[in-house]
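The structure appears right after this line, and notes come after that.
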Amino acid sequence: MNPEPRTTAALGKFHAAAQAQPNIALVKYWGKRDVVLNLPTTGSISITLDSLWTRTEVRFVPGQAHDRVSLNGRSDAAETKRVVACLDLLRQRAAVDWGAEVDSRNNFPTAAGLASSASGFAALVRAGAQALDLGLDETELSMLARRCSGSAARSIFGGYVEWARGRLTDGSDSVALPLLPADAWPLRVAVAVTSIAAKQIGSSEGMRHTAQSSPFQASWVATQPADLTTARNAILARDFDALALVSEHSCLKMHALALAAQPGLLYWNGATVECMHCVRTLRRQGVPVFFTIDAGPQLKAVCAPSAIGQVKAALREIPGVLHVLDSGLGAGACVIAIGALEA
Ligand code: PMV
């Protein structure tokens, strides 16, 4: 269950707030077939979390020329640029040119490999579409979120989610769809935070560099459909061991691909590697747990609910682990306060 969102009295006109949770990919997205539309080279499968969240309030102001963006109480030029590009997509849909006030908060560290862009853009699109009364369904919201940050397409939905590669050049078939609700298989996730520094090479730049220079790019693309099928079947059958094997395989394959770029991309630190050994040791001892790692040094350990205490305790012992967050699986992006739009 998601924590009770802050309740807000009905907001004014063109004003709404939404909450979204990060998602963690089990079969990774790494590579774009279209950088403008943010279309992936391969499909991906993820789980949406519950206790980590982004809450975003958006207010469009008719007559205002500029956007004002506050992320965790601060303004950052690079992030503001991405938010403005996302607001532009919403304004295009509504055929308006109004500036907006955006206030967004995370309850977890931003830009440290915890998919803050996924929850951030899913919440922004959900709130912005509501503020402008666009009347979009979840698939349309997911496609808009995808344009802002690829993995945000998956955070519109809860539980287990697949984002299809699609074939069409306009991206209309590259959509995310729910595979299984969170409560149908309520796994838990422990996040071992090993650094809170912002990552040096963002995912878009890392994907571009990898596709241009890694000798493994073609085999990454060729082997992805089989991984997707294995993971999808494992999820539908609630087969933990099969999901563990394919998820660690996809994670290590993504990092092997990036490591082989020229120059190689190394997202791990020493503690990340120690955490990987720790998870493998626990699993050899019979604990149902596996790891996955994104474009940063944090390790996410996915486990059965009964194992969460033991997994957290083991990860906390590792030198270099700063703290261990823990989350269940949760729902997709939702509106938490809506504007009193006039007819
Ligand atoms: O959506 P982006 O641009 O933040 O890229 C996400 C890339 C990974 O997190 C490494 C993998 C994934 O599928 O989420």
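Among the residues of this structure, Lys253 does not count as one that is within 16 Å of the ligand (Cβ to nearest atom), in a strand (DSSP E or B) and modelled with pLDDT of 95 or more.
Each row is one residue, and each column tells you yes or no for (1) more than 13 Å from the ligand (Cβ to nearest atom); (2) crowded, with 18+ Cβ neighbours inside 10 Å; (3) charged (D, E, K, R).
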| position | (1), (2), (3) |
| --- | --- |
| Ala100 | yes, yes, no |
| Asp103 | yes, no, yes |
| Phe108 | yes, yes, no |
| Leu114 | no, yes, no |
| Phe121 | no, yes, no |
| Ser151 | no, yes, no |
| Glu162 | no, yes, yes |
| Val189 | yes, yes, no |
| Ser203 | no, yes, no |
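Any idea which of Val302, Val273 is away from the ligand (no atom under 16 Å from the Cβ) and either assigned by TED's automatic domain parsing to the domain that holds Ser219 or on the phi > 0 side of the Ramachandran plot (or both)? Spell out how you get there, then give the answer.
Values: Val302 fails: away from the ligand (no atom under 16 Å from the Cβ).
Just a single option satisfies the conditions, and that option is Val273.
Does Val96 qualify as being surrounded by 17 or more Cβ atoms within 10 Å (Cβ to Cβ) and without any contact (Cβ under 8 Å) to a residue 60 or more places away in the chain? Answer is no for this residue.
If you scan the stretch 292-327, which residues turn out to be assigned to a helix (DSSP H, G or I) and of a type in the set (Lys, Arg)?
From the stretch 292-327, those assigned to a helix (DSSP H, G or I) are 305-316; that's our starting set.
The answer is Lys312, Arg316.
Counting residues in the stretch 28-45 that are more than 16 Å from the ligand (Cβ to nearest atom) and not in a helix (DSSP H, G or I) gives zero. For the stretch 164-179, a residue qualifies if it is surrounded by fewer than 16 Cβ atoms within 10 Å (Cβ to Cβ) and free of Cβ contacts under 8 Å to residues at least 40 places away in the same chain, and the qualifying residues are Arg167, Leu168, Ser172, Asp173, Leu177.
Quick one: which residue in Ala10, Ala78 is within 14 Å of the ligand (Cβ to nearest atom), of a type in the set (A, V, I, L, M, F, W, C), at pLDDT below 95 and surrounded by fewer than 13 Cβ atoms within 10 Å (Cβ to Cβ)?
Values: Ala10 fails: within 14 Å of the ligand (Cβ to nearest atom).
Among Ala10, Ala78, only Ala78 is within 14 Å of the ligand (Cβ to nearest atom), of a type in the set (A, V, I, L, M, F, W, C), at pLDDT below 95 and surrounded by fewer than 13 Cβ atoms within 10 Å (Cβ to Cβ).
Could you tell me whether Val287 is away from the ligand (no atom under 16 Å from the Cβ), more than 21 Å from Ala198 (Cα to Cα) and buried (at least 22 other Cβ atoms within 10 Å of the Cβ)? Considered against the rule, which asks whether it is away from the ligand (no atom under 16 Å from the Cβ), more than 21 Å from Ala198 (Cα to Cα) and buried (at least 22 other Cβ atoms within 10 Å of the Cβ), Val287 comes out as no.
On inspection, Ala258 does not qualify as surrounded by 17 or more Cβ atoms within 10 Å (Cβ to Cβ) and either in a strand (DSSP E or B) or assigned by TED's automatic domain parsing to the domain that holds Ala176 (or both). Assuming Leu257 fulfils every condition listed in (1) in contact with a Gly (Cβ under 9 Å, 6 or more places away or on another chain); (2) closer than 16 Å to Ile47 by Cβ; (3) hydrophobic (A, V, I, L, M, F, W, C) apart from one, which condition is it? Checking Leu257 against (1) in contact with a Gly (Cβ under 9 Å, 6 or more places away or on another chain); (2) closer than 16 Å to Ile47 by Cβ; (3) hydrophobic (A, V, I, L, M, F, W, C), the one that fails is (2).
Whether any residue in the stretch 216-224 is buried (at least 22 other Cβ atoms within 10 Å of the Cβ) and within 16 Å of the ligand (Cβ to nearest atom) is what I want to check. Within the stretch 216-224, one or more residues are buried (at least 22 other Cβ atoms within 10 Å of the Cβ) and within 16 Å of the ligand (Cβ to nearest atom). Within the stretch 192-201, no residue satisfies the criterion of being within 30 Å of Leu236 (Cβ to Cβ) and within 13 Å of the ligand (Cβ to nearest atom).
The values are calculated or read from the model by the stated rules, or taken from the named source; none is laboratory data. Just so we're clear, the structure is a prediction, and the values are computed from it rather than from any experiment. Virtual Cβ from ideal backbone geometry, glycine too; neighbours counted across all protein chains shown.
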